[in-house]
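Asks: One structure, as structure tokens, below. Some questions next.
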Amino acid sequence: MPFLPVFLPTDVLFWFLIAGVAGYAAYCLRRPHLALPWRRVFRSGVALACAVILAVFTLAALLDSVHFRPRLPAEGSGGPAYSAEVLSLLDLALSGIRGKNERTYSAPLATRLYAKEVVEVREGPDAGKQVREYPRLRYGGAHLASEQDWVGDVFARVGAGLVAACVAAALLGLAVRRLRRRAPDVPWKAGGAALLALLVLALPIAFLAPYYHVLGTDKVGQDVLYLALKSVRVSLIIGTLTTLVLLPIAIALGLMAGYFRGWVDDAIQYVYTTLNSIPGVLLIAAFVLMLQVFLERHSEWFYTAAERADARLLVLCVVLGITSWTGLARLLRGEALKLSQLDFVQAAHAFGVPDRRILSRHLLPNVAHIVIISVVMDFSGLVLAEAVLSYVGVGVDPATTSFGTMINAARLEMGREPIVWWSLAAAFVFMFVLVLAANLFADAVRDGFDPRVRVGGAPA
Amino acid sequence: MSAVLQAQELRTVLDTTAGALRAVDGVNFELLEGECFALVGESGCGKSMTALSVMRLLPEAAHVASGEVRLDGTDLLALPEAAMRAVRGRRIAMIFQEPGTALNPVLTVGKQIVEVLDRHLPQPKAVQQRKAIELLRAVGIPEPERRFDEYPFQLSGGQKQRVMIAAALAVDPEVLIADEPTTALDVTIQAQILELLRRLQRERRMALLLITHDLGIVAQMADRVAVMYAGEIVELANREAFFRAPQHPYSRKLFAALPSRQHAGELAVIPGQVPSLTRRFVQCRFVERCDFAFDRCRAEAPRLYEPVPGQRARCFLREKDAAGPLVSSVSQGAAESKRTDAGKLLLKVDELKVHFPIRRGILKRTIGYVRAVDGVSLELHEGRTLALVGESGCGKTTTGKAILQLIRPSAGKVVFDERDIGSLPGAQLRPFRSAMQIVFQDPYASLDPRMRVADILLEGMRSLGVGRDDAERLDRLAALLENVGLPPDSLQRYPHEFSGGQRQRIAIARALAVEPRLIVCDEPTSALDVSVQAQILNLLRSLQRRLGIAYLFITHNIAVVDYVAHEVAVMREGRIVERGSTDEVLRSPKHAYTKTLLAAVPVVPAAGLAS
């Protein structure tokens, strides 16, 4: 085999989650009362545009969640040897910019390094002399014969990208028209516009990226665009896998507290009130530091650095989940208190239906909308929490690229003179777009599931 | 008398996902000085929307499409919002159905009245306060000086509605719109509030637009009556003429659907449902439900004809001649209706008590008890109906639930079929669960919205092991659906696809699915319209006749009691004050409370029911 597949735990869970969401969507489609709120959500133009943006981010994360170790060229006898470096499909797709490392910082689209170095002059009259200057980059603009061609070359590539975008726009227009004919009440135009905006940005970048560092390079000369794209996966995994940990706890404890009342309610309330009063960062820091020691002691468990970093990411998800279930549990407790007084639950009692069936058949489906809303709303909070935790140093493994580690690295750069702004700006823009899209989408979901916004519910 | 308020060709449109819904479609009426004009109709007929259109307080999704509302000649619909605010409260005031939500809970009662005064008649604070206290006294609130500084939660429901009336009348409006002002109140309180409204209206010579669904209230209060159906006024008449000889077939059906002793046989039902108002009508809107429909009704929409001077009806039959006075269908024979032969004793309740502990403090010490049910004794025989009557909060629902062991009684015995079930632990209760079932008041809350009808009906059968397997149970369900009059394809649908009456049928089917011998009916018809109530009452009675089920019928509606019950128990503050056969209790009440209760019930004049 030319490669050895690597199954990182977070990859597997993330794919399961995506499959679960797809399964839920299929389940909803067949049940009109479940599909209805989602239809309302996607009737909003903003929601559809945000969904498109989130889908693009998710696609990047999914590509980044298929890992393997490429086979090394055979050396001598013995079995096939595989590289110690774990790659993903996204790395393959980005092979144009991956690994083209400069020596240190360089500005976006620059052809020379951002720091002066002593170089030996190779040609001309001064050959052999040592000069202190900004040296040319190894990759960025290396194809240019003369640096005077820089402006023309950049414009040509951006132009080519825009032409490609125009072609894409035409195809998109056709697709939108067809979709509008099939489902006229979905604002396909908004979705198309969002996709087009992404293409107009992405295509010129795609044309530039193999020849320039579009967003510059960081301290060790890595391409910032590559780092930013790799960070998307960590954000999405934190934002989604955490909910996998959080949901079972929150749903089980919240519903039980509201339904059984009495001492069960008291006990659960004490637990979450106590947990709520411990500062979250403190708890997470304690967990992560303990874990760090633990992982170091058992380094033989992991074949590669990627696996160790992944284990830490997974634990971070679990820890975040354990510390953030209280809000949802409190909401669900209140809802269960209300629901368990409703007549249909009383009717179930009159039939002698056992408690566990009442909980699963009557209460759970009737709080599903609250769960969905809170999951979507929590997502952006968790993405931001990761950034903060990594900044403080108790987040993901330092070897993992994430928005948090990028921002953490930028801490030093901001103090430099002249200032290095592009890493921070790239991390900020990517995260901002992701979180804004998630927040706007969450708003639309809340509106779609809120019975009070329903049109036509007015008294007659 | 001159017209104070005139609505002309008023059309109000509601935007819904299904399209524009014409909630009010060409309504004309005028409100004369000092009269009480009643808009009557079932839910969804557009009576509240008419009132809200007049006040320009429509919900966001609705707007007035065309028409005029003239108050002394000025068109209210053309006024800018700022000028309209000066009209609202000052010249037209409105009181709403739910006094609990119409008052701001964080402001004192006095402040809320002073607020109205301050907005329309700025005066020194002391004068306003005096005036507010005066108003509170006028609406019959005891100790108005003290009540002035109290918060709404310290008042009872009836007192809150009085405060609302005081605030509405603070600046002597010319027109008062009362939207179901007593629907949320008990009968005795209702009688007081109606009396108050009538007195104030007479004293202040104000015009009252009364919106209600209760023909009894109309008979007591109104000078003129308009019946609304599907967004239109179908009949407009003076009260006497209306109650003597209603002209529109719909109005006549409404009377025939009212349960009472005179209607001993099956109640008349109006088949079908109100047509969807999103479609356009070329035909008569009532045609699909009318017994007298002929070809012209399907091709042309009737206008308001005037068969008798002063009485108009929207029906082609009334183009030339008037309909005669109502003749009741008493003749159908009272004997066949109620089963009179009592079976053996099924349920015996002895000194039942349900006390809820009041807990305070960190350790939740019990500092007292709410005695919801305090020594109730009942007896119910097979195939009979016992009505448990009382006002809200008297413990009648708690009694019902305690009999079913949904709430465990604190003391007393519940003997069902010669076994004391009150002392049985949960597991041993299961055999009795199928013998005793319950039907709830609100058909919207009693069915799980996330389950299909089939699952709802099967749940009890599965849980209690009725039927061998699901195939056999589904067979039974088919027969059951026919029994309660639901279409066979209902099983695969969700509750929200059904109307209120159909949902109540589903709830009854759910109870019947486990073959009970006793059904506790907890106000099964009070959330329903009169015509739908008639269907459900007919269904319950025919089921009793065929299956011999006993009902414990919990209600506050005396007319329904009279129609369905063999025996009556009147409850007050957790105790039964009077018990006996329906005739004894309703015709010759012994206890003072029963007498008050019966006197408070607004009665549709006998002339309207039987001539």
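Taken together, the values in this text are just the output of simple stated rules run on the coordinates, not laboratory data. Computed from a prediction, not measured in an experiment: that's the story for all the values here. Reconstructed Cβ throughout: ideal geometry from the backbone, glycine too, with neighbour counts over all protein chains shown.
Asks: If I model a spin label at residue A:156 and residue B:420 as a point 7 Å from the Cα along the Cα→Cβ vector, what separation in nanometres do I get?
Replies: Between residue A:156 and residue B:420, the simple spin-label model gives 10.2 nm.
Asks: Moving to a separate point now. Over the whole of B:11-18, what's the average partner chain Cβ count within 10 Å per residue? Rounded to a whole number, please.
Replies: Values: counts 0, 1, 0, 6, 3, 5, 8, 2.
The per-residue average across the peptide is 3.
Asks: If I model a spin label as a point 7 Å beyond the Cα along the Cα-Cβ vector, how far apart are those points for residue B:499 and residue A:197 in nm?
Replies: A separation of 4.8 nm, rounded to one decimal place.
Asks: Along the Cα-to-C-beta direction of residue A:33, a point sits 7 Å from the Cα; which residues of the range B:422-444 have their amide N less than 15 Å from that point?
Replies: The answer is B:443-444, whose backbone nitrogens lie closer than 15 Å to the label point.
Asks: Roughly how far apart, in whole Å, are the Cα centres of the range B:152-207 and the range A:234-270?
Replies: What the calculation gives is 48 Å, centre to centre.
Asks: Counting only C-alpha contacts under 8 Å and six or more residues apart, can you give the relative contact order of the range B:437-501 as a whole percent?
Replies: Reported as a whole number, the value is 47 percent.
Asks: While we're on this one: List the relative contact order of the range B:364-427 as a percent without decimals, with contacts defined as Cα pairs under 8 Å and 6+ residues apart. Don't skip to the answer; put the middle values down first.
Replies: Details: 31 pairs, mean separation 13.7, N = 64.
In percent, rounded to a whole number, it is 21.
Asks: Additional query: Using per-residue counts of other Cβ atoms within 10 Å, averaged over each peptide, order A:419-428, B:124-133, A:295-304 from highest down.
Replies: A:419-428, B:124-133, A:295-304
Asks: Nearest 500 deg cm²/dmol is fine: what mean residue ellipticity at 222 nm does chain B get from its DSSP H runs of n ≥ 4 alone, each adding -39,500 (n - 2.57), divided by its residue count? Intermediate results must be reported in sequence, preceding the final value.
Replies: Numbers: 22 runs with 207 residues, N = 611.
Mean residue ellipticity, 222 nm, calculated: -9500 deg cm²/dmol.
Asks: Pick out, in residue order, every one of the trypsin sites (Lys or Arg not before Pro) in the range B:197-237 that is DSSP loop and has at most 16 other C-beta atoms within 10 Å; say none if there are none. Write out the running numbers ahead of the final one.
Replies: Values: sites: B:198, B:199, B:202, B:204, B:205, B:224; in loops: B:205.
Answer by residue number: B:205.
Asks: Please give me, ordered by residue number, the trypsin sites (Lys or Arg not before Pro) of the range A:5-105 that lie in loop per DSSP and have at most 10 other Cβ atoms within 10 Å.
Replies: Within the range A:5-105, the qualifying trypsin sites (Lys or Arg not before Pro) (loop, at most 10 other Cβ atoms within 10 Å) are A:30.
Asks: Using a Debye calculation, one point per C-alpha and no hydration shell, please list log10 I(q)/I(0) for the protein assembly as shown at q = 0.08 Å⁻¹ in order.
Replies: So the normalised log intensities are -1.00.
Asks: Grab the other residues whose beta carbon is less than 14 angstrom from that of residue A:121, score K and R as +1, D and E as -1, and report the net.
Replies: Charge balance in the 14 Å sphere: -1.
Asks: From other protein chains only, count the Cβ atoms within 10 Å of every residue's Cβ in B:51-63, then give the mean.
Replies: Mean inter-chain Cβ contacts per residue within 10 Å come to 2.
Asks: Considering the dipole of the protein assembly as shown built from charges on the beta carbon (Lys and Arg +1, Asp and Glu -1) around the Cα centre, which of A:228, A:171, B:92 is farthest to its positive end?
Replies: B:92
Asks: Ok, one more. As a check on your grasp of the helix formula, calculate [θ] at 222 nm for chain A: sum -39500 (n - 2.57) over DSSP H runs of n ≥ 4, divide by the residue count, round to the nearest 500. Could the numbers behind the result be given before it?
Replies: Working: 15 runs with 291 residues, N = 460.
That comes out to -21500 deg cm²/dmol.
Asks: Something else about it: What is the sum of charges, Lys and Arg at +1 and Asp and Glu at -1, for the other residues whose Cβ falls under 14 Å from the Cβ of residue A:318? Don't jump to the answer; show the numbers that get you there.
Replies: Working: positive: A:312; negative: A:310, A:386.
Taking every other residue near residue A:318 into account, the sum is -1.
Asks: Now a separate question. Compute the length gained on full extension between residue A:146 and residue A:281: take 0.36 nm times their separation in residues and subtract their Cα-Cα distance, giving the result in nm to one decimal.
Replies: Value of the extension gain: 43.3 nm.
Asks: Ok, one more. Arranged from highest to lowest average of other beta-carbon atoms within 10 Å per residue, in what order do the peptides B:416-423, A:235-242 appear?
Replies: Put in order of decreasing packing, that is A:235-242, B:416-423.
Asks: Another one. For chain B, with only Lys/Arg (+1) and Asp/Glu (-1) charged at the beta-carbon, what is the dipole magnitude about the Cα centre, in debye rounded to 20?
Replies: Using Cβ point charges on Lys, Arg, Asp and Glu, chain B gives about 1100 debye.
Asks: Further question on the same structure: What does the structure give for B:433-444 when I average, per residue, the other chain Cβ atoms found within 10 Å of the residue Cβ?
Replies: Average per residue, whole number: 3.
Asks: Report the FRET efficiency, 1/(1 + (r/R0)^6), for residue A:264 and residue B:150, where r is their Cβ-Cβ distance and R0 is 51 Å, rounded to 0.05.
Replies: Working from the Cβ atoms, E equals 0.85.
Asks: Shifting gears a bit: Can you give the FRET efficiency for residue B:78 and residue B:198, using 1/(1 + (r/R0)^6), R0 = 35 Å, r = Cβ-Cβ distance, to the nearest 0.05?
Replies: The computed FRET efficiency comes out at 0.55.
Asks: Same structure again: With every atom except the alpha carbons ignored, what do you get for Rg and Dmax of the range A:186-333, in angstroms?
Replies: 21.8, 68
Asks: Only counting other Cβ atoms within 10 Å, I'd like A:333, B:476 sorted with the fewest neighbours first.
Replies: So the residues, fewest neighbours to most, are B:476, A:333.
Asks: If Lys and Arg each add +1 and Asp and Glu each add -1, what is the summed charge of the other residues whose beta carbon sits under 11 Å from the beta carbon of residue B:419? Please report the intermediate quantities before stating the final value.
Replies: On the way: positive: B:348, B:413; negative: B:417, B:418, B:420.
Once positives and negatives cancel, what remains is -1.
Asks: Ranking A:143, B:120 by Cβ neighbours within 10 Å, fewest first, what do you get?
Replies: Neighbour counts put them in this order, fewest first: A:143, B:120.
Asks: For chain A, what is Rg from Cα atoms divided by 2.2 N^0.38 Å, rounded to two decimals?
Replies: Taking N as the residue count of chain A, the ratio is 1.17.
Asks: How big is D, in µm² s⁻¹, for chain B by Stokes-Einstein at 25 °C and 0.890 mPa s if Rh is the Kirkwood radius over C-alpha pairs? Provide the component values of the computation, followed by the final result.
Replies: On the way: Rh = 26.4 Å.
Value of D from the Cα-based Kirkwood radius: 93 µm²/s.
Asks: Same structure again: If you line up the long axis of helix B:470-484 against the longest principal axis of chain B, both from Cα atoms, how many degrees apart are they, to the nearest 10?
Replies: Taking the Cα atoms of chain B, the angle to B:470-484 is about 50 degrees.
Asks: Suppose R0 equals 22 Å; then what is the FRET efficiency for residue B:292 and residue B:240 from their Cβ-Cβ distance, rounded to the nearest 0.05?
Replies: Details: r = 24 Å, r/R0 = 1.10.
Between residue B:292 and residue B:240 the formula returns 0.35.
Asks: Please report the spacing between the Cα centers of the range B:347-418 and the range B:60-127 in Å, no decimals.
Replies: Each part reduced to its Cα centre gives a spacing of 45 Å.
Asks: Let me ask something else about it. Of B:293, A:20, B:177, whose Cα points farthest to the positive end of the dipole of the protein assembly as shown (charges on the beta-carbon: +1 Lys, Arg; -1 Asp, Glu; origin at the Cα centre)?
Replies: Towards the positive end, the residue furthest out is B:293.
Asks: Further question: Suppose the chain between residue B:489 and residue B:85 were pulled fully straight at 0.36 nm per residue; how much longer would it get relative to their current alpha carbon spacing?
Replies: 140.3 nm
Asks: For B:250, A:212, B:444, A:272, which order do you get if you count the other beta carbons within 10 Å of each Cβ and list the fewest first? Can you show the working numbers first?
Replies: Values: B:250 26, A:212 29, B:444 17, A:272 20.
The order, fewest Cβ neighbours first, is B:444, A:272, B:250, A:212.
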